[in-house]
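The structure under discussion appears below in the form of structure tokens.
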Number of protein chains: 2
Amino acid sequence: MTQILEIDPANRLARVEPGVTNQQLQLALAEHGFFWPPDPSSAAVCTLGGNLAYNSAGPRAVKYGTVRENTLGLRAVTGLGEEIRAGVMTTKGVVGYDLTRLLIGSEGTLAIITEAILKLTPLPEAKRTLRATYRDIHAAAAAVSAIMAQPITPCALEFMDGASIEMVRDFSDLQLDDGIGALLMIEVDGPEYGLDRSTAAVEQAARVEGVVDIYRAKTKEEVAALWKTRKALSPALRTVAPKKINEDVVVPVSRIPMLISGLEQLAEQYQIRIVNFGHAGNGNIHVNLLVNPDDPDEMQRAAECLSDAFDLVLKLDGTLSGEHGVGLEKRDFVNREIDPVTLRLMHDIRRQFDPNNILNPGKGLPESD
Amino acid sequence: MTQILEIDPANRLARVEPGVTNQQLQLALAEHGFFWPPDPSSAAVCTLGGNLAYNSAGPRAVKYGTVRENTLGLRAVTGLGEEIRAGVMTTKGVVGYDLTRLLIGSEGTLAIITEAILKLTPLPEAKRTLRATYRDIHAAAAAVSAIMAQPITPCALEFMDGASIEMVRDFSDLQLDDGIGALLMIEVDGPEYGLDRSTAAVEQAARVEGVVDIYRAKTKEEVAALWKTRKALSPALRTVAPKKINEDVVVPVSRIPMLISGLEQLAEQYQIRIVNFGHAGNGNIHVNLLVNPDDPDEMQRAAECLSDAFDLVLKLDGTLSGEHGVGLEKRDFVNREIDPVTLRLMHDIRRQFDPNNILNPGKGLPESD
């Protein structure tokens, strides 16, 4: 395998081709004591190219940032078949415009990435895992805000709403009391010697009014058991409904309760089952509408519900996608988020990279006039 | 003062107008227990607009990143007088292209920034300051690489070469032995309880072959005294030469010794006094050519020396500017770093923002054909 071209620990960087999977990359880096922070749930199959094209970051972004904060430079080929080189081999650099971040998240519509220079982070020595349960989503959201307002930033701050917990109850052997309306999975990493104190600080912040219980895993097996709750979600979703419409909206963390309350109202109004979980530390919530594609009436209600949900997200100063991207599905909603002038400028930029419109045509941006 | 529009600790963000100085901003944020990592030496007079336009980050970038990693969104006005909105209010977001980072570092040539949404970081509880001295630059550079290869990233990793130390000797009352060829100022921050251990880990990494002494400040006064060495440099430079040509090249940290050796050879060859110091953790070295503008022969030699120095930086996979920008002075060197295809694309992008070429015309990029 030649897809990992160079790992350079002294300079904290790696040169990588886009075909390597995130998991292959992490395994190779771990041998040198490093990792690359972006870590989508699909790491086993997600190639670096896909990772870069969608700026997909996963749970660790709350502490370590997204792909944009962890990539130094790129090689790519434009729609004219010409190779360009963006960025630098260093952590500072201001010569020319920043084409690196422009390409990251552009869904393959500007150029095809052929090589990336990644910024590496040393592996933390140790990690602690907490599961905190709350009476309702408002209490859990208050805990998220309190955690983010103190200096110890957790390396994962994952959230499940009441509907998610109900769903997982049958698939998980963890004792979760009735009357739990929300759950947080919290991880804190760092050097072993300070970690119990750091974890205690995060735990204290998480202990807001409405907390039911905070449990700290004491063994590797207990960590695995705690994550089992979270990981049981996807298979559970597949069992209870033939299809899930899976969104990944983002709102400022303090507005998560308004988002979830609003979604509950929409679920009621449109009679659609909605399950919410995701990366609370970034305000990045996976909103899952559970539907039956063979029921045209339900599909119609789901479409209207989704449209209202997007309006709600934007009213809360959020964005329609944190890391799943726009593609075709969300394309026609983009002009609710981005104003016409800015959108026209994006089309103008696109035309400079790909004047013949051959790179992922029609994706990412709504059609221009 | 209305320039700080909003400080929102729960969401770790601030909305700010570009006229506020970095220092005013930091003071306002500190009241809420936060800071904004970019911290140029000119913080007292550097406005946020200038900070954003040059992606200027200063010493803390080694741990906390540059402006690009600490800005969520922007409002700006293009050369057509139209307002655009770039980015989001959240730490994840992939709808549309990343115009935020495209504008950051573009030296005012694409649009005039009118408002920024900044990502805030909680103030660390405490800080430790070390001064490490080395026999030569090779030993100091080995220490920098060793420090960056272990998991505790210092929040400052500043460097002075032998010529800088000689210069400062007369202006500083610190006992610096003869035979010291390089000096590092190292700061480690974090929670108080783990900080002595973290600092010890960094100190151990800094203790490479060729170390002369590592001194840890024990009081605030000692911290101030240690920084005095570093801060004595600028006034000293002004005293010994009528003019300094001040560059801020960047190379991968492991290549700092090659850069410094090469610069020593060029200083000898062109008979120009060169003094080097800067942000070693980012490989961002301030190269100062000390010259007399009234000596045309010296000015000519300095110009040739500088040209060779830029070639050296690029041969070492570096970049011509880390945070001072290109402007007019370095404009004609840009095509040594950026290939013609990429440069043409940058011009094409510029034309979309400013078709009439009224925003800082002629700056940043060499004239196109």
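The values are calculated or read from the model by the stated rules, or taken from the named source; none is laboratory data. Remember, predicted model here, so these are calculated numbers, not experimental data. So basically every Cβ, Gly included, is an ideal-geometry build from the backbone, and we count neighbours across all protein chains shown. Heads up: the accessible areas ignore ligands, DNA and RNA and are worked out on the full protein's heavy atoms, side chains in. Shrake-Rupley method; radii C 1.70, N 1.55, O 1.52, S 1.80 Å.
What the table shows:
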quantity	calculated
Residues that are open to solvent by 30 Å² or more (accessible area, probe 1.4 Å), closer than 21 Å to A:Asp177 by Cβ and under 18 Å from the mean Cα position of the chain (by Cα), drawn from region A:214-264	A:Trp227, A:Arg230, A:Lys231
Qualifying residue in region B:296-318 (condition: within 14 Å of chain A (Cβ to nearest Cβ) and in contact with a strand residue (DSSP E or B) (Cβ under 7 Å, 6 or more places away or on another chain))	yes
Residues located in region B:106-118, provided they are β-branched (Val, Ile, Thr) and either modelled with pLDDT under 95 or open to solvent by less than 10 Å² (accessible area, probe 1.4 Å) (or both)	B:Thr109
All positions within region A:337-369 that are charged (D, E, K, R) and either open to solvent by 80 Å² or more (accessible area, probe 1.4 Å) or more than 27 Å from the chain's Cα centre (by Cα) (or both)	A:Arg344, A:Asp348, A:Arg351, A:Asp354, A:Glu367, A:Asp369
Tally of residues being modelled with pLDDT under 95, touching a helix residue (DSSP H, G or I) at 6+ places or on another chain (Cβ under 7 Å) and either in the same structural domain as A:Gly283 (by TED's automatic domain parsing) or open to solvent by 40 Å² or more (accessible area, probe 1.4 Å) (or both) across region A:1-31	0
Subset tally (residues that are more than 23 Å from B:Lys228 (Cα to Cα), over 14 Å from the mean Cα position of the chain (by Cα) and not in a helix (DSSP H, G or I)) for region B:8-55	18
Residues of region B:327-363 satisfying the condition of being facing another protein chain (nearest Cβ under 8 Å) and either outside any helix (DSSP H, G or I) or acidic (Asp, Glu) (or both)	B:Lys330, B:Glu337, B:Ile338, B:Asp339, B:Asp348
Filter result for the condition that a residue is modelled with pLDDT of 95 or more, surrounded by fewer than 19 Cβ atoms within 10 Å (Cβ to Cβ) and over 28 Å from B:Ala10 (Cα atoms), over A:Glu166, A:Glu82	A:Glu82
Residue list for region B:338-353, restricted to those being more than 16 Å from A:Ala111 (Cα to Cα) and touching a residue at least 24 places away in the same chain (Cβ under 8 Å)	B:Arg350, B:Phe353
Sole exception among (1) in contact with a helix residue (DSSP H, G or I) (Cβ under 9 Å, 6 or more places away or on another chain); (2) without any contact (Cβ under 8 Å) to a residue 24 or more places away in the chain; (3) within 30 Å of A:Ile152 (Cα to Cα) for A:Pro37, by number	(2)
Single match in B:Val211, B:Val202 (criterion: open to solvent by 30 Å² or more (accessible area, probe 1.4 Å), within 30 Å of A:Lys119 (Cβ to Cβ) and either within 14 Å of another protein chain (Cβ to nearest Cβ) or in contact (Cβ under 8 Å) with a residue 60 or more places away in the chain (or both))	B:Val211
Unmet criterion (only one of (1) within 15 Å of the chain's Cα centre (by Cα); (2) open to solvent by less than 30 Å² (accessible area, probe 1.4 Å); (3) modelled with pLDDT of 95 or more) for B:Leu103	(1)
Scan of region A:281-336 for residues that are buried (at least 20 other Cβ atoms within 10 Å of the Cβ), small (Gly, Ala, Ser) and farther than 22 Å from A:Thr239 by Cβ, ordered by number	A:Gly281, A:Gly283, A:Ala309, A:Gly318, A:Ser321, A:Gly322, A:Gly325
Residue within region B:177-196 that is closer than 27 Å to B:Pro122 by Cβ and without any contact (Cβ under 8 Å) to a residue 24 or more places away in the chain present	yes
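Listed here are the residues, each with its yes/no results for (1) within 30 Å of B:Met148 (Cβ to Cβ); (2) of a type in the set (Ser, Thr, Tyr).
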{"site": "B:Asp8", "(1), (2)": "no, no"}
{"site": "B:Arg12", "(1), (2)": "yes, no"}
{"site": "B:Thr47", "(1), (2)": "no, yes"}
{"site": "B:Gly96", "(1), (2)": "no, no"}
